[in-house]
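The values are calculated or read from the model by the stated rules, or taken from the named source; none is laboratory data. Quick caveat, the model's predicted, so the values are computed rather than measured. Here the Cβ is made from the backbone with ideal geometry for all residues, glycine too, and neighbour counts use every protein chain on show.
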Amino acid sequence: MSLHSIAWRQDALEVLDQTRLPHEVRVLRLRGWREVVQAIREMRVRGAPAIGAAGAYALALAAREAAEEADAFEARVQQAAEEIRRARPTAVNLHWAVERLLRCLDPRRDPRANAEALLREAHRILEEDLEANRRLSLLGAAHIRPGERILTLCNTGALATAGIGTALGILRAAHASGKGIHVYVCETRPVLQGARLTAWELLQEGIPFHLLPDAAAGWLIARGMVDRVIVGADRIAANGDVANKIGTYTLAVLSRHHGVPFWVAAPRTTVDLATPSGAAIPIESRDPREVTHVGGIPVAPEGTPVLNDAFDVTPAKLITAIVTDAGIALPPYEESLRRLVQTPKPLEV
Ligand code: MRU
């Protein structure tokens, strides 16, 4: 698989511009940390694990810049960290990556050496995500039965991560092992990550699928056409409540009503034990133009008031299982998630 959402090359962060897909494959070379923050805000790079890694590189770039100044290295880095965290508030991976880098600062080292240490840590975050994708995808795929028809939402693939993806990684691994799965992809309004990005990835992999309007999911599930729903996550609270792309909660309610297993797939970096429940997860509200316009073309009358929460929270009680790189968490999630997050070295898969 040659697709990379982000990569560090020749002293710059390369980002595959996801706002251009599927029509144009354009790689941006970002040399300044503020450019990276802007790319995260504008969703040129998106998906919780990918923005975590991009945020880490943003802070490493900020540290490099700060190291060239005469004074206040640490204060400059802390200020950049605050701005990076704010770029997208729901995905905990961004906060987690920034905190992890800040912990690498060592007052005994000079600023340049600290900046290089931060860059090395950013590389490690990217590599670890790749491996976490592989593990959770194989773990999840092992439980998929031959011929399953699986519904998914948004984009949780290579574009959203450093590796093969999370929910989409499971679908990739199940397809690769000859399970003969069929995928249903919700288009994912307002910015159409399902239609633009997941369809693009599935076509490239030759995985059989249909794209459907978000509103068609209930009808499909009601007719018995879905054996399992698998989605990703932006933040998993300690009690197992999951923040993910708007529409996830709707799919969870539908799944419960019709007795369809509802899985969440995420690396352990998305589990936030410091957030007790979904009620404490900050939900990002985005630009109304994402709803009033499609591909830059207005579809609502000018002046239309809009609600545009980018994420919703699915209560743990609606989730059948949470697939992580260290194993599959089952209810009660307080116990199972804590155990998996604290596993030092996950099982070999
Ligand atoms: O707004 P986005 O496109 O960044 O939202 C992405 C999602 O909701 C994904 O499901 C989640 O980040 C997991 S990606 C592996």
Practice task
Check residue 74 against each of (1) surrounded by fewer than 16 Cβ atoms within 10 Å (Cβ to Cβ); (2) without any contact (Cβ under 8 Å) to a residue 24 or more places away in the chain and name the one condition it does not meet.
Solution key: (2)
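Among the residues of segment 95-102, are any in a loop (DSSP other than H, G, I, E, B) and hydrophobic (A, V, I, L, M, F, W, C)?
There is no residue in segment 95-102 that is in a loop (DSSP other than H, G, I, E, B) and hydrophobic (A, V, I, L, M, F, W, C).
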Completion exercise
Residue pairs within 7 Å by beta carbon, gap of at least six or interchain, first lying in segment 243-255 and under 12 Å from residue 229 (Cα atoms), second part of a helix (DSSP H, G or I) and within 12 Å of the ligand (Cβ to nearest atom), listed first then second, are none
Exercise for the section: For segment 175-189, indicate whether the set of residues that are surrounded by fewer than 19 Cβ atoms within 10 Å (Cβ to Cβ), assigned to a loop (DSSP other than H, G, I, E, B) and within 15 Å of the ligand (Cβ to nearest atom) is non-empty. Expected result: yes
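Can you tell me which of 134, 145, 149 is more than 14 Å from the chain's Cα centre (by Cα), touching a residue at least 24 places away in the same chain (Cβ under 8 Å) and within 14 Å of the ligand (Cβ to nearest atom)?
Testing whether each residue is more than 14 Å from the chain's Cα centre (by Cα), touching a residue at least 24 places away in the same chain (Cβ under 8 Å) and within 14 Å of the ligand (Cβ to nearest atom) leaves just 134.
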Exercise for the section: With respect to residue 70, determine if the residue is at pLDDT below 95, at negative phi and hydrophobic (A, V, I, L, M, F, W, C). Expected result: yes
Practice task
Just name the residue that is farthest from the ligand (Cβ to nearest atom) out of those in segment 231-289 that are under 19 Å from residue 91 (Cβ atoms) and basic (Lys, Arg).
Solution key: 268
Handout entry: All positions within segment 208-227 that are surrounded by fewer than 21 Cβ atoms within 10 Å (Cβ to Cβ) and within 16 Å of the ligand (Cβ to nearest atom)
Key = 214
Completion exercise
Of (1) more than 16 Å from the ligand (Cβ to nearest atom); (2) part of a loop (DSSP other than H, G, I, E, B); (3) farther than 25 Å from residue 189 by Cβ, residue 35 satisfies every one except (2)
Exercise for the section: Run down 169, 165 and say which single residue is within 10 Å of the ligand (Cβ to nearest atom), assigned to a loop (DSSP other than H, G, I, E, B) and either buried (at least 24 other Cβ atoms within 10 Å of the Cβ) or among the basic types (Lys, Arg) (or both). Expected result: 165
Exercise for the section: Restrict the check to segment 7-25 and report whether at least one residue is modelled with pLDDT of 95 or more, among the acidic types (Asp, Glu) and within 14 Å of the ligand (Cβ to nearest atom). Expected result: yes
Practice task
For residue 331, state whether it is over 20 Å from the mean Cα position of the chain (by Cα), touching a residue at least 12 places away in the same chain (Cβ under 8 Å) and in a loop (DSSP other than H, G, I, E, B).
Solution key: yes
